[in-house]
Structures are given as structure tokens and as C-alpha cells.
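Data block below; observations after.
The values are calculated or read from the model by the stated rules, or taken from the named source; none is laboratory data. Keep in mind that what you see is a predicted model, and the values were worked out from it rather than measured. Cβ coordinates were reconstructed from backbone atoms using ideal geometry, including for glycine residues, and neighbour counts include every protein chain displayed.
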Amino acid sequence: MSQSLPERNVISRRRARRAPVPPSDAVREAAPPMPWSALIGLIVIVAVVAGIGYALGRAVEVQPTGAFKNCHPATQLGPHTFTGVPKLCIDTKKTYLAKLSTTAGEVDIVMPAADAPVTVNNFIVLAVNGYYTGLTFHRATSWVVQGGDPLANGTGGPGYTLPAEKNSDPWTADAVGMARDPDGKINGSQFFLLISDWPNGGPGDAVFNHFGTVLGGTQIVSQIKPGDRILAVSVSIQS
């Protein structure tokens, strides 16, 4: 004998009744426009926040100080790229000392400005503005190591080249010079350090802007390998 389910257990399939749509005159009115005083206040707040952000960004940047406070690169076009050679900011009668802190150790380079004034000035400007920090040595052979390329492959530079500055300084072990681009121009940032004398008596008539000599850390130079990084470069006046 069949038994019907209690009425209370039957699920209703009727649709729920929709709520009545309010008349058009019951629609909420739009919010009133923001007063000019409040709008101006908002603009001022945004400007202040932007200014604080810019100031903090400038504070994080490397700012030359002391004897090099006026040493700045030319107008920047992009990361590690500038419009041209920086203005002269050093005393060309003085000798400078650059300390390269690398992942392999510390290397000291003495740079008599009179031997290659434009090149020494350029190296100092890039150094004190943090250009070399974080860059790598992309080349290391039995007789030379080379670095200062923002692209880390030997093809990059700061967007400009240097004039040739030929002098009589010998290309022997510990000599420091600037690399040349394939077109023969002097690269603006790539530099090299000789581990031993230049093979076959030197580069001949080709100019590589000899601008310094390794004064300390000779063993460190010979230990540098591709991929080692420049952690920092500090510059001081030696005499």
C-alpha cells in the first residue's frame, strides 16, 4: 500500500515573486559635484606626495661630494646612457687614486690626470656617480681583464666615445687603458687592466688611452674571471 509524502516535505517549484520596481522619481539623485576647495586640496596632496617621492629617489641616487661635488655626467638619455663626454671637473695637474672593490678583491689604480686628462676626468665622473657599481668584467685572459660594459658582452658603452689621448706610458703589466670599439673609436666606459706585458711589444700605432697604473692588488687582477662584479669605485686625490 502506497503512502503519500507529508505535504510539508514537498519542494515548491513556483518562482519567487519579484520585488516591485520603484517608480522613476524614487531613484537616488546623483552625488553633488566636489567643491573647488576640496578639489584643490586633493591636487595639493598629490603634488606633495609626488615631491616626496622624487626627493626620496634623489636621496637614493649616488651624489658626488667633496672635491668631486661638481663632477656630473652629461644629460642622461637612459640607463647608463648619456648625450656626450662629461665636462672637465678635475684638476689636470693632480694625480688621482681609484679604489675598485670587486667580488675578487680590491684593486688600486693611480691616475695622473696630465697623461690623459679627458679620460681620467671621464673615469672619475662615471665612478663617483655610481656608473660602474654592479657592472661585470666580461673578459679575462692570461694577459688582460676588461670590464665597464653595461651590456656585459663587450658591445655596450655610455652612449659616447672619447677622443684619442696618446702618451708615452708603456703597455706593460699593471697598465690601465680604455677599450676600442670595432670602428676604432675609444669606448667611453669599458676599461682594461694588463696582467702581463702587451703581447708582441704592444698595440703598435693603435691608441687605447693609457690613463692609469695598478698600484695595489696586482694578484687580485690576475684572479678576476668573467662574471666578477664591480661592487664600488671610490676616488681620492693622491697628490
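If we only count strands (runs of 3 or more DSSP E) wholly inside the stretch 174-221, which ones have 3 or more residues that are surrounded by fewer than 21 Cβ atoms within 10 Å (Cβ to Cβ)?
212-216
Against the definition (assigned to a strand (DSSP E or B), β-branched (Val, Ile, Thr) and touching a residue at least 60 places away in the same chain (Cβ under 8 Å)), how does VAL85 come out, yes or no?
It is false that VAL85 is assigned to a strand (DSSP E or B), β-branched (Val, Ile, Thr) and touching a residue at least 60 places away in the same chain (Cβ under 8 Å).
Scanning for something surrounded by fewer than 20 Cβ atoms within 10 Å (Cβ to Cβ) and either over 17 Å from VAL233 (Cα atoms) or in contact with a helix residue (DSSP H, G or I) (Cβ under 8 Å, 6 or more places away or on another chain) (or both), does the stretch 127-135 turn up at least one residue?
No; the residues of the stretch 127-135 include none that is surrounded by fewer than 20 Cβ atoms within 10 Å (Cβ to Cβ) and either over 17 Å from VAL233 (Cα atoms) or in contact with a helix residue (DSSP H, G or I) (Cβ under 8 Å, 6 or more places away or on another chain) (or both).
For the structure I just gave you, tell me whether PRO170 is in a loop (DSSP other than H, G, I, E, B) and over 17 Å from PRO203 (Cβ atoms).
no
Yes or no: the stretch 162-182 includes at least one residue that is free of Cβ contacts under 8 Å to residues at least 24 places away in the same chain, farther than 25 Å from THR133 by Cβ and within 25 Å of the chain's Cα centre (by Cα).
For the stretch 162-182, residues free of Cβ contacts under 8 Å to residues at least 24 places away in the same chain, farther than 25 Å from THR133 by Cβ and within 25 Å of the chain's Cα centre (by Cα): present.
Just for the stretch 81-123: of the residues that are of a type in the set (D, E, K, R) and over 23 Å from TYR160 (Cα atoms), which one is surrounded by the fewest Cβ atoms within 10 Å (Cβ to Cβ)?
LYS93
Hey, ILE220 hits all of (1) modelled with pLDDT under 95; (2) under 26 Å from the mean Cα position of the chain (by Cα) but one; which does it fall short on?
Answer for ILE220: the failing condition is (1).
Can you tell me how many residues in the stretch 115-153 are within 23 Å of THR213 (Cβ to Cβ) and assigned to a loop (DSSP other than H, G, I, E, B)?
So the answer is 10.
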